1. Can you tell me the Rg and the Dmax, both Å, for the Cα atoms in region 29-115?
2. Taking each full run of DSSP H in the chain as one helix, which ones are at least 24 Å long along their axis (Cα atoms) and have mean Kyte-Doolittle hydropathy of at least -1.0?
3. If you take Kirkwood radius over Cα pairs in Å from the coordinates, which of [x] 15.6; [y] 17.8; [z] 18.2 do you get?
4. Cut-off is 10 Å between beta-carbons; in what order do V47, V80, V98 appear when sorted fewest neighbours first?
5. Sum up the charges of everything whose Cβ sits under 11 Å from the Cβ of D140, counting Lys and Arg as +1 and Asp and Glu as -1, but leave D140 out.
6. Please give the charge dipole size of the chain, origin at the Cα centre, charges +1 on K and R Cβ atoms and -1 on D and E Cβ atoms. Round to the nearest 20 debye.
7. If I model a spin label as a point 7 Å beyond the Cα along the Cα-Cβ vector, how far apart are those points for R42 and A59 in nm?
8. How high is the relative contact order of region 2-155, in percent, with contacts defined as C-alpha pairs under 8 Å that are six or more residues apart?
Amino acid sequence: MRILGIDPGYDRLGIAVIEGDPSKPSLVWSDCFMPAKGAAERRLSAVAAAVTAAIGAYAPDALSIETLFFNKSASTALGVAQARGVVLATAGAAALTVIECSPQTVKLAVTGYGAADKKAIALMVPKLIILPPKQNRLDDELDAIAVGIAGLSQARTQPPPENA
């Protein structure tokens, strides 16, 4: 199975393609997409284009996305919610199954502890999956890899899509 893992964001969108089985996942590709600053509609359109390009290039079987976590900043939460909506709409347009993972589910899948912090995720991801050398891997990219790993695990337990 091949999963497109997304860590949704307005300023930075973590994106990764994971395949294999949950006990031995492998990384196909990952990146941190940063839309150019500017009007919201242009930024969100760039997010849609990045997700569409990844779907076209890597032909995933499903898309795994982290559910919205409300933080202290309402404006940040709103931007993330908008980006998340664009990702979901893009997945729907591509007829991809969507696997939603709570932050706790992702942390549990990667670290074994549902209340782990970002540092624990960053330390565990390279232990679970071989990462190609890269200069500056941002936490959004590592989070997308973690979301992909969690999605791969959850895909085995989810019922088939309604249109299957």
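Quick note: the coordinates plus some simple rules give every number you see, no bench work behind them. Just so it is clear, the model here is predicted, and its values are computed rather than measured. Reconstructed Cβ throughout: ideal geometry from the backbone, glycine too, with neighbour counts over all protein chains shown.
1. Just the Cα atoms of region 29-115 yield Rg and Dmax of 14.0, 40 Å.
2. On the way: long enough: 40-58 (27 Å, 0.81); 74-93 (28 Å, 1.07).
Length and hydropathy pass: 40-58, 74-93.
3. Correct label is [x].
4. Details: V47 25, V80 22, V98 17.
Lowest to highest Cβ neighbour count: V98, V80, V47.
5. Numbers: positive: R12, K118, R137; negative: D7, D11, D31, E66, D139, E141, D143.
Charge balance near D140 sits at -4.
6. Details: 15 positive and 15 negative charges, 71 e Å.
Rounded to the nearest 20 debye, it is 340 debye.
7. Result for the modelled spin labels: 3.5 nm.
8. Values: 299 pairs, mean separation 54.9, N = 154.
Contact order relative to length: 36 percent.
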